[in-house]
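The structure appears below as C-alpha cells.
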Amino acid sequence: MPVFRLGNDVRFPRPELAEPDGLLAIGGDLSPERLVEAYAAGIFPWYSEGEPILWWSLDPRWVLAPESVHVPRSLERTLRRGTYDFTADRAFRRVVERCAEAPRPGQQGTWVTRDMVDASCRLHDSGLAHSIEAWKGGVLVGGLYGVSLGGAFFGESMFADAPDASKACLVKLCRRLEDWRFDYIDCQMHTDHLERFGAVAWPRTEFLDRLEEALESDTRQGAWALEGDGPEDREESGCDE
C-alpha cells in the first residue's frame with residue numbers, strides 16, 4: 001500500500017488503506033479541523049520532534065470500555081483513602097507538557113512534540129480536549145489527557161510524579177465516562193499497563209464500525225468537571241498560562 005501525502009484538503013484517505021504497521025499518511029498540519037477529521041475517521045498523529053507529521057490507523061486497535069475497567073485492590077484503597085485530589089480541565093497545558101517530559105521505558109524522546117502541545121491546547125480551548133489531574137498538597141502529581149467526540153474518548157497520554165497518580169486518574173476518567181454513557185476509550189495501541197486495566201483489541205473494521213456508532217451521540221463539548229469539581233471552583237483556565 002502507498003503512504004499518502006496530505007495537502008491542504010483536511011480529508012484523509014480511507015483508514016483501510018494504511019500500511020500493515022498502520023501508517024496511512026504523511027504531512028498536512030495540526031489544525032483543529034484536520035485533527036477532528038482524523039479522530040472521527042479513526043486516525044491519529046504520532047511522530048517525533050523533527051519528523052514530518054505521520055498519521056496512523058492501527059489494526060488491531062486497543063480500547064477500554066469505561067464500565068469494564070479493572071481496578072486493583074491496592075489502587076482502590078488509594079482512591080478510598082483520599083491520597084489525591086482530582087479535578088478535570090484545571091491544568092490542561094501543564095498536563096500535556098508533563099506528558100511530553102515524562103520518560104518512557106524503551107523510548108528515546110517523545111511523540112508529544114511542541115507542536116502537538118499547542119495543537120492539543122487549541123482543541124482544549126474549543127472544548128474538545130480534556131484533562132484529568134491528580135493533586136497532592138496543591139501540587140500537580142499526575143494526569144492524563146485526550147480528545148472527546150460523541151461517545152468516544154481518544155486517550156493520548158498520561159504521566160505520574162507520585163505512586164499510582166496516573167492510574168487513579170484513569171479510574172476517575174472511566175467512572176465519569178461511565179456516568180455519561182460513553183462507549184469506549186480509544187487506547188490506540190497495546191501496553192501491558194492498559195491490558196491489566198481491561199483494555200482489549202478490536203480489529204480495525206470493528207473499531208471503525210463502533211466509532212461510527214459512537215459519533216451518533218452528542219459531543220460533550222466545553223469544560224468538564226468531576227463530581228464535586230464544579231466550574232465555579234476552577235483556579236486556572238488550562239491553556240492561558
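The values are calculated or read from the model by the stated rules, or taken from the named source; none is laboratory data. Predicted, not measured: the structure shown is a model, and the values here were computed from it. Neighbour counts are summed over all protein chains in view; Cβ atoms, including those assigned to glycine, are modelled from backbone coordinates with ideal geometry. Areas reflect the complete protein model, heavy atoms only, side chains present, ligands, DNA and RNA absent. Shrake-Rupley method; radii C 1.70, N 1.55, O 1.52, S 1.80 Å.
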- If we ask which residues in the range 75-92 are of a type in the set (G, A, S) and within 23 Å of the chain's Cα centre (by Cα), their number turns out to be 2
- Query: In the range 159-183, what residues are crowded, with 18+ Cβ neighbours inside 10 Å and assigned to a loop (DSSP other than H, G, I, E, B)?
  - Reply: D164, F182, D183
- Query: Does the range 1-37 hold any residues that are among the basic types (K, R), closer than 25 Å to D125 by Cα and not in a loop (DSSP other than H, G, I, E, B), and which are they?
  - Reply: R34
- Note on the structure: When L144 is run through (1) of a type outside the set (D, E); (2) outside any strand (DSSP E or B); (3) modelled with pLDDT of 95 or more, the failure sits at (2)
- List every residue pair whose Cβ atoms lie under 8 Å apart, where the two residues are 6 or more positions apart in sequence or sit on different chains, the first residue falls within the range 16-30 and is within 17 Å of M116 (Cβ to Cβ) and at pLDDT below 95, and the second residue, located anywhere, is part of a loop (DSSP other than H, G, I, E, B) and open to solvent by less than 10 Å² (accessible area, probe 1.4 Å). none
- Query: For E51, all conditions in the list (1) over 21 Å from the mean Cα position of the chain (by Cα); (2) of a type in the set (D, E); (3) at positive phi hold save one; what is the number of the exception?
  - Reply: (3)
- Residue among F207, F197 that is in contact with a Cys (Cβ under 9 Å, 6 or more places away or on another chain) and modelled with pLDDT of 95 or more: F197
- Message: Just to be sure before I move on: is S148 closer than 27 Å to R77 by Cβ and either under 13 Å from the mean Cα position of the chain (by Cα) or of a type outside the set (V, I, T) (or both) in the structure I sent?
- Response: no
